[in-house]
Each structure stands twice: as structure tokens, then as C-alpha cells.
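Trainee: First the structure, which I've put down as C-alpha cells, then a few questions once you've had a look.
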Amino acid sequence: GKVVYSVISNIYGGIKSDLTISRLEENKFWVLAGAGNGMIDINWLRVNAPNDGSVQIIDWTSALAGIGLWGPNSRSVLEKLCDDDDISNEAFPFFSIKRISISNIPCVAVRISYIGELGWEIYTPTEYGLTLWDELRNTSREFNMICSGAGAFESLRLEKGYRSLGSDIHTNTNPYESGLGFTVKLKKDTDFIGKEALSKIKEAPIQKKLACMVMDDSEGMALGTEPIYSDGKAVGYVTSTNYGYFVDKHIVYGYLPSELSSTGTKLELEYFGKRYPLTVTTEPLLDPENTRLKS
């Protein structure tokens, strides 16, 4: 019933992937990978799994349909559709997984959220996918909820400070400089790929950090990969950027030398030959206490 967010590291301590692992049963685990990295992750697991038959890896991707139901009213939607399942915060807390029935549709619901709001990822056998969508969509309308896509997803996850694989984190970055050091458990007796490298990385001074910045100019613009300057010298580049409509700020993420990553540091970003002022800020910009997620 528990869910853990973690990263996969290579032998150098670089981040190969990030994913969630949920415990369905004593010896049965559900691995949820990012859509663009699923085949890479399953291949990595298969290549590195024991070959003595003690571990079986099954790809369920095509067998399941997945829908994200998120927002302050998401619990109200499920309460109306789930007659026999308790989805209260006490019975179904953040970072847990349960089998539930939504309008008599068999589902596995995972209480995680990449957008920083209360909600669930919900999975059902593919043949029920359209019916589940219709049930959730029709009921959610009663609670002033809308269907949204990748653009909203990107904006919301940046307000919450969540990392994106391939831009904010990749094999040339490690968990400590990317702000994901909490995923590394070096004190565990068990060994894992990259443990030796990460032990050395943790002991050494961090040279760069992934920092959250906001644009000081309302006319400022960035799309990603733009250079970041300090006193006229290029010191990094934009890994992710988007406008945060809840916080009403243009958000920029990028790796900076550690000495420039402190809150309040003034920098500049260059977009098509024009410089715009940036200020390093404390992250996340939205709900640092996770009250919205855990409500």
C-alpha cells in the first residue's frame, strides 16, 4: 500500500531515470515510469535483475489506461463515484496505492501528483478506459473541473518545483546537485548501482545546484536552454521555464555555480540578444509545506 519516489542512478551517480515504485503485495511491486522513458527503464531493470528466476518483470503498459484526476475538488469527484471505497485522507493518505471501484469499474488508484495538488493517478484495464474517462469527466464538471494537457502540466509542476527528466535531471546530473538527495539512502546495508560514486559525491563540495529563479521584468521571455549570466559572464543555462499562473511569475530553472545559487542573487537571462533580470528564489514557490497535496 505504500509508494516511494526515487531515482535510478548509473555507476557514476548520474540520474538515469526517476520513477515511483508502489508495493501492491508483499512481493509484488508496481513501477510507474515517465511516458517517454518507460522502455528505457524496463530494459534497465531487465538487464540488471537477477537471472536466477527470483525476479519476474512484466510490462503492463498496453494493458492499462491511465487518467490523472487532480485538484482541490478531486476527492469530491471520487466520493460521488466510489460507493464502497473510503478515499478519505485517513484511509487513503498521500503516497499510498489502493484497488478501488469507480462506478463499478475496477481500478488501481495511486495518490501521487506531479502538479502539486490533491489527486490521484488512476489505472484500469484498457477496455474500461473510455468508460472511466466518461465517468470522471462528466462528474468532474459538476465540481468546476476541466480537462487540461501538457501545457498546464508543465506550468503547474514548475510552481511546485518538480524536476523533469531530460531537462532538469539527466545522466550528467546527480541527486545532490539537483535537489533530490533525499532519494538516496546510503546507510542501507543493501548495495545498489551508483552507491560508491554517490558516497564520494556526497562527501565532496557541491559545485553546482539546480536553482529556481523568477523574472523581474514582466516583458521577459524564455523557452528553454537560454544562457544565464552573472556580471556579464555565462554561468549556466535554462533547463525548464514556464509562466506560473497561480503564483503570477515567470519561473526559470537552471544549474548555477553553488556560490550563485543563494536566494536573492541577481542574474540575467538572454533571449534573442536581449538581457532580462532574474532573481534566485526559494523553492518551491507553491505550497512548501505540502498542505495542498496532503489535505
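The values are calculated or read from the model by the stated rules, or taken from the named source; none is laboratory data. Just so it is clear, the structure is predicted and the values come from calculations on it, not from any experiment. Every residue, glycine as well, gets a Cβ built from its backbone with ideal geometry; the counts of neighbours run over all protein chains shown. SASA here: full protein model, heavy atoms, side chains in, ligands and nucleic acids out. Shrake-Rupley method; radii C 1.70, N 1.55, O 1.52, S 1.80 Å.
Trainee: Working only within the range 108-129, note down all residues that are within 19 Å of W30 (Cα to Cα), free of Cβ contacts under 8 Å to residues at least 60 places away in the same chain and surrounded by fewer than 20 Cβ atoms within 10 Å (Cβ to Cβ).
Mentor: Answer for the range 108-129, where residues must be within 19 Å of W30 (Cα to Cα), free of Cβ contacts under 8 Å to residues at least 60 places away in the same chain and surrounded by fewer than 20 Cβ atoms within 10 Å (Cβ to Cβ): just Y114.
Trainee: Same structure again: If I ask for residues that are hydrophobic (A, V, I, L, M, F, W, C) and either under 22 Å from N290 (Cα atoms) or out of contact with any Gly (no Cβ under 9 Å at 6 or more places or on another chain) (or both), which ones from the range 132-145 would you list?
Mentor: L132, W133, L136, M145
Trainee: OK, next. Taking I201, is it over 14 Å from L278 (Cβ atoms), in contact with a Gly (Cβ under 6 Å, 6 or more places away or on another chain) and open to solvent by 20 Å² or more (accessible area, probe 1.4 Å)?
Mentor: So I201 passes the test.
Trainee: Going by the structure shown, is G151 more than 21 Å from L293 (Cβ to Cβ), surrounded by fewer than 20 Cβ atoms within 10 Å (Cβ to Cβ), at pLDDT below 95 and of a type outside the set (D, E)?
Mentor: Yes; evaluated as a whole, the condition is true for this residue.
Trainee: Still on this model: Filtering the range 1-34 down to residues that are touching a helix residue (DSSP H, G or I) at 6+ places or on another chain (Cβ under 6 Å) and hydroxyl-bearing (S, T, Y), which residue is farthest from F92 (Cα to Cα)?
Mentor: In this case the residue turns out to be Y12.
Trainee: Check off (1) in contact with a strand residue (DSSP E or B) (Cβ under 9 Å, 6 or more places away or on another chain); (2) of a type outside the set (G, A, S); (3) farther than 27 Å from W44 by Cβ for N138 and give me the number that stays unchecked.
Mentor: Condition not satisfied by N138: (1).
Trainee: When you look at I105, is it open to solvent by less than 40 Å² (accessible area, probe 1.4 Å) and modelled with pLDDT of 95 or more, yes or no?
Mentor: The answer is yes for I105.
Trainee: Another question about this same structure. Please go through the range 73-90 and give me each residue that is free of Cβ contacts under 8 Å to residues at least 40 places away in the same chain and open to solvent by less than 40 Å² (accessible area, probe 1.4 Å), ordered by number.
Mentor: C82, I87, S88
Trainee: Determine whether Y176 is among the aromatic types (F, W, Y), assigned to a strand (DSSP E or B) and within 20 Å of the chain's Cα centre (by Cα).
Mentor: Working: among the aromatic types (F, W, Y): yes; assigned to a strand (DSSP E or B): no; within 20 Å of the chain's Cα centre (by Cα): yes.
Against the criterion (among the aromatic types (F, W, Y), assigned to a strand (DSSP E or B) and within 20 Å of the chain's Cα centre (by Cα)), Y176 does not qualify.
Trainee: Name, by its number, the condition in (1) modelled with pLDDT of 95 or more; (2) in a loop (DSSP other than H, G, I, E, B); (3) within 24 Å of N10 (Cα to Cα) that does not hold for T190.
Mentor: It is condition (1) that T190 fails.
Trainee: For F94, only one of the following conditions fails: (1) out of contact with any strand residue (DSSP E or B) (no Cβ under 8 Å at 6 or more places or on another chain); (2) open to solvent by 60 Å² or more (accessible area, probe 1.4 Å); (3) among the aromatic types (F, W, Y). What is its number?
Mentor: Of everything listed in (1) out of contact with any strand residue (DSSP E or B) (no Cβ under 8 Å at 6 or more places or on another chain); (2) open to solvent by 60 Å² or more (accessible area, probe 1.4 Å); (3) among the aromatic types (F, W, Y), F94 misses just condition (2).
Trainee: Output the qualifying pairs, or none if there are none: Cβ atoms under 8 angstrom, residues six or more apart or on different chains, first residue in the range 274-295 and closer than 18 Å to W120 by Cα, second residue open to solvent by 70 Å² or more (accessible area, probe 1.4 Å).
Mentor: R292/P72; S295/P72
Trainee: Using the structure shown, decide if P50 is surrounded by fewer than 17 Cβ atoms within 10 Å (Cβ to Cβ), touching a residue at least 40 places away in the same chain (Cβ under 8 Å) and either among the charged types (D, E, K, R) or assigned to a loop (DSSP other than H, G, I, E, B) (or both).
Mentor: no
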